[in-house]
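Okay, so here's the structure we're looking at.
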Amino acid sequence: MIFSGFEELIRASEAEGDELWHYILRSDAKEKGITDEESLALMQHMWEAMKEASADYDGERRSASGLSGGNGRKMQDYARDCVSGAFLGEVMAQAISMAESNACMRRIVAAPTAGSCGVLPAVLIPYSRKYQVPDRKVLEALYITAGLGGVIAERASIAGAEGGCQAEIGAASGMAAAALTYLRGGTGQQIADAAALALKGLLGLVCDPVAGLVEVPCVKRNVIGAVNAITSSDMAMAGIRSFIPIDQVIDAMGEIGRNMSSMYRETGAGGLAVTPAAQQVKL
């Protein structure tokens with residue numbers, strides 16, 4: 001799905017008297033040449049894959065490099081003792097577990113990328129469990145994330161190699177903030193504000209993977225993206241507005257990505273990738 005602007009999406013859905021998620025669904029179905037029911041079935045398939053990946057996490061498994069694995073279990077065991085509370089502890093555990101599963105070549109959902117795969121499920125799975133959210137409502141939220149992700153891909157980028165980690169973890173965090181705000185009954189404006197606040201919080205985040213692998217620092221950045229999404233949603237639901245509208249934030253993200261040194265765009269030539277500790281990694 002490609003849309004020129006998220007604000008345009010909101011205005012168009014309101015003009016047609018349609019809900020935002022349903023407007024995006026109809027656009028997706030039309031673009032793919034399928035029925036609304038078929039589009040919903042595809043989205044259900046992705047949601048089920050997220051839940052299955054969560055349930056299938058193996059704390060004993062390690063990545064081929066040895067850089068990832070086991071920390072998701074550590075976080076699960078510690079979750080209830082977190083100073084931030086049990087819910088955020090579960091969110092953090094979920095984010096690490098999903099990202100480690102990706103590094104260990106397990107089945108995940110790229111949302112929007114494999115490197116940022118832990119953010120969206122880390123927010124949606126614990127929230128839907130805690131508040132007993134029906135699957136159908138989660139699917140509606142996922143359409144909103146898809147619409148926003150399409151706008152980000154069109155106006156900026158969702159690739160770390162092109163726009164830095166702000167394009168991966170940042171985009172995922174904005175998408176998760178939008179989804180969560182929708183599930184909490186937020187208006188279109190609050191959804192847009194939550195996404196804008198989340199993206200702004202991660203502008204300029206570089207992509208500097210150790211040994212060229214999507215493991216360090218990527219796995220733990222999924223935690224930052226998930227928690228950032230939750231706090232951004234809380235601000236939006238409190239009535240706090242983003243001074244910079246969402247589409248302008250996305251444009252700024254694109255500009256920053258284009259001007260970012262190639263050293264910090266997934267080349268492994270700068271940042272954490274060239275620290276003494278990173279240089280000791282032997283593959």
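In the set 219, 281, 227, 223, which member is more than 28 Å from residue 143 (Cβ to Cβ) and touching a residue at least 60 places away in the same chain (Cβ under 8 Å)?
Every option except 281 fails the conditions.
For the stretch 160-167, does any single residue satisfy the condition of being touching a residue at least 12 places away in the same chain (Cβ under 8 Å), within 13 Å of the chain's Cα centre (by Cα) and open to solvent by 20 Å² or more (accessible area, probe 1.4 Å)? So far as the stretch 160-167 goes, no, none of its residues is touching a residue at least 12 places away in the same chain (Cβ under 8 Å), within 13 Å of the chain's Cα centre (by Cα) and open to solvent by 20 Å² or more (accessible area, probe 1.4 Å). Applying the set (1) of a type in the set (A, V, I, L, M, F, W, C); (2) over 13 Å from the mean Cα position of the chain (by Cα); (3) assigned to a helix (DSSP H, G or I) to residue 203 leaves exactly one unmet item: (3).
Taking the stretch 176-203 as the range and being under 21 Å from residue 252 (Cα atoms), open to solvent by 30 Å² or more (accessible area, probe 1.4 Å) and free of Cβ contacts under 8 Å to residues at least 60 places away in the same chain as the test, the residues that pass are 190, 200, 201, 203. In the stretch 134-148, of all residues being open to solvent by 10 Å² or more (accessible area, probe 1.4 Å) and in contact (Cβ under 8 Å) with a residue 40 or more places away in the chain, the one that is farthest from residue 259 (Cα to Cα) corresponds to 135.
Listed here are the residues, each with its yes/no results for (1) at pLDDT 95 or above; (2) among the polar types (S, T, N, Q); (3) assigned to a helix (DSSP H, G or I); (4) open to solvent by less than 60 Å² (accessible area, probe 1.4 Å).
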residue	(1), (2), (3), (4)
3	no, no, no, yes
29	yes, no, yes, yes
59	yes, no, no, yes
87	yes, no, yes, yes
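Of the residues in the stretch 134-147, none is under 15 Å from residue 249 (Cβ atoms) and at pLDDT 95 or above.
Identify all residues within the stretch 61-85 that are part of a helix (DSSP H, G or I), open to solvent by less than 60 Å² (accessible area, probe 1.4 Å) and within 17 Å of residue 126 (Cα to Cα); write none if there are none. Walk me through how you get there before you give the answer.
Of the stretch 61-85, the ones part of a helix (DSSP H, G or I) are 71-81.
If we keep only those that are open to solvent by less than 60 Å² (accessible area, probe 1.4 Å) too, we end up with 71-72, 75, 79.
Correct list: 72, 75, 79.
Within 28 Å of residue 101 (Cβ to Cβ), at pLDDT 95 or above and over 19 Å from the mean Cα position of the chain (by Cα): does that describe residue 273?
It is true that residue 273 is within 28 Å of residue 101 (Cβ to Cβ), at pLDDT 95 or above and over 19 Å from the mean Cα position of the chain (by Cα).
How about the stretch 243-260: which of its residues are open to solvent by less than 60 Å² (accessible area, probe 1.4 Å) and in contact with a Ser or Thr (Cβ under 9 Å, 6 or more places away or on another chain)? Across the stretch 243-260, the qualifying residues are 247, 249, 253, 254, 257. Figure legend. Inter-residue proximity from the stretch 65-91: first residues on the phi < 0 side of the Ramachandran plot, second residues among the acidic types (Asp, Glu) and surrounded by 17 or more Cβ atoms within 10 Å (Cβ to Cβ), beta-carbon distance below 7 Å, spacing 6+ or different chains. Indicated pairs: 65/215; 67/215; 68/100; 68/215; 71/100; 72/100; 79/90. Within the stretch 229-283, the residues that satisfy the criterion of being in contact with an Asp or Glu (Cβ under 6 Å, 6 or more places away or on another chain) and farther than 24 Å from residue 163 by Cα are 236, 241.
Among the residues making up the stretch 240-270, those that are over 20 Å from the mean Cα position of the chain (by Cα), in contact (Cβ under 8 Å) with a residue 24 or more places away in the chain and more than 22 Å from residue 220 (Cβ to Cβ) are 240, 241, 244, 258.
For the stretch 208-242, the candidate set comprises residues that are buried (at least 20 other Cβ atoms within 10 Å of the Cβ) and of a type in the set (Asp, Glu); within that set, the residue that is farthest from residue 63 (Cα to Cα) is 208. Quick one: is residue 98 closer than 18 Å to residue 215 by Cα, open to solvent by 20 Å² or more (accessible area, probe 1.4 Å) and either without any contact (Cβ under 8 Å) to a residue 60 or more places away in the chain or of a type outside the set (S, T, N, Q) (or both)? No, not satisfied.
Starting from residues that are β-branched (Val, Ile, Thr) and in a helix (DSSP H, G or I), keep the ones in the stretch 102-143 and report whichever is farthest from the chain's Cα centre (by Cα). Looking at residues that are β-branched (Val, Ile, Thr) and in a helix (DSSP H, G or I), I get 138.
The values are calculated or read from the model by the stated rules, or taken from the named source; none is laboratory data. For clarity, every value in this text was computed on a predicted model and none was experimentally measured. Backbone-built Cβ (ideal geometry, glycine too); neighbour counts: all protein chains shown. When the accessible area is computed, the model is the full protein with side chains, heavy atoms only, and any ligands, DNA or RNA have been set aside. Shrake-Rupley method; radii C 1.70, N 1.55, O 1.52, S 1.80 Å.
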